[in-house]
Structure formats: structure tokens, C-alpha cells
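Quick notes on the structure that follows.
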Amino acid sequence: MNSSLKLHNLWLILGVFLIATIIYLSLTSRPLDIVSFNMSDKLGHLLAYFSLMAWFGQIYTTKSQHILLALGFCLMGALLEGLQFLGGRRMFEYNDMMANMLGVSVGWLFTRYMISGVLLKIDKKMVKAFKL
């Protein structure tokens, strides 16, 4: 856990909301169809799981925590695909699971090497601005 985050609980609540949104969108019988082009749903999977890993990778910052997050999000994606199959309204697709895993991987790389500390900077600015 990034103990420097003063608004840790706020960031966790937003992360839980992100997880809940992805679960809802994965299991609803009417998924969002904002844009439609070949493989657009795979891009949606990739972006969703990228967002999860990038968000929680800012809150939990050690390598072992990143490994657990990555495994957990990959498992979540596989489980949701299985639930789609069992629900009978959506299709089970291995390509969706691959897009999820790719999103987690890219999110991990971005978190470790490109956006490391971004949430901490936002946290500090919010604490200062709102005098928390």
C-alpha cells in the first residue's frame, strides 16, 4: 500500500466503483456499444482492465502487490467470462480473456514505468487545495 496517500480511502472507494462498473458491464444483457468497429469490444476489454491495473497499481505499489493485483484481475476477467456463459445472454470468448490479460499487462507496465506517482501527486494537491 502507498502509505503516502492521505486520501487512501477515497482512492479505494473509486477503485471499487471501477470494479463494480466493469462487473456490471460484463454481466448486463445490454452492454454499452458506444463505438462499433471490428474488434471494438476487445479494445473495451483491454481499456477496462488497463484502467483497473493502472488505478490499483498506484495505490498498491510493491512488486509483490502488483503481481497479486495482476493475478486477481486476470482471474476476475476469466470468472466474468464464465458467468457470461452460464447466464446464457452473453457469449464466452477466449479472445475477451486475452484482451483482459493484455490490458492488465499494459496497465502494469504503465504503472511501473510511465505513470508511477501520478496518483500521489493528485493526492497531495487535493489535500493542499482542500486543506484536509
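Read-outs throughout are calculated quantities, based only on the coordinates presented, and are distinct from any laboratory measurement. Keep in mind the model is a prediction, meaning the values are calculated, not measured. Heads up, the Cβs are rebuilt from the backbone with ideal geometry, glycines too, and the neighbour counts pull from every protein chain shown.
Observations on the model:
- Projecting the Cα positions of 102, 129, 45 onto the charge dipole of the chain (unit charges on Cβ atoms of Lys, Arg, Asp and Glu, taken about the Cα centre) puts 129 furthest along the positive direction.
- Among 40, 105, 26: highest mean-square fluctuation, GNM of the chain, C-alpha pairs under 10 Å: 40
- CD proxy at 222 nm, helix term only [per DSSP H run n ≥ 4: -39500 (n - 2.57); per residue of the chain; nearest 500]: -25500 deg cm²/dmol
- Computed from the C-beta positions of residue 121 and residue 18 and an R0 of 25 Å, the FRET efficiency is 0.80 to the nearest 0.05.
- Kyte-Doolittle mean at least -1.0, axial Cα span of 24 Å or more - DSSP H helices of the chain: 8-27, 40-59, 63-87, 94-113
- Range of Cα positions in the chain per principal axis (Å), largest first: 49, 28, 26
- Think of each Lys and Arg Cβ as +1 and each Asp and Glu Cβ as -1; about the Cα centre, that makes the dipole of the chain roughly 720 debye.
- Rg ratio (alpha-carbon, reference 2.2 N^0.38 Å) - the range 60-132: 1.50
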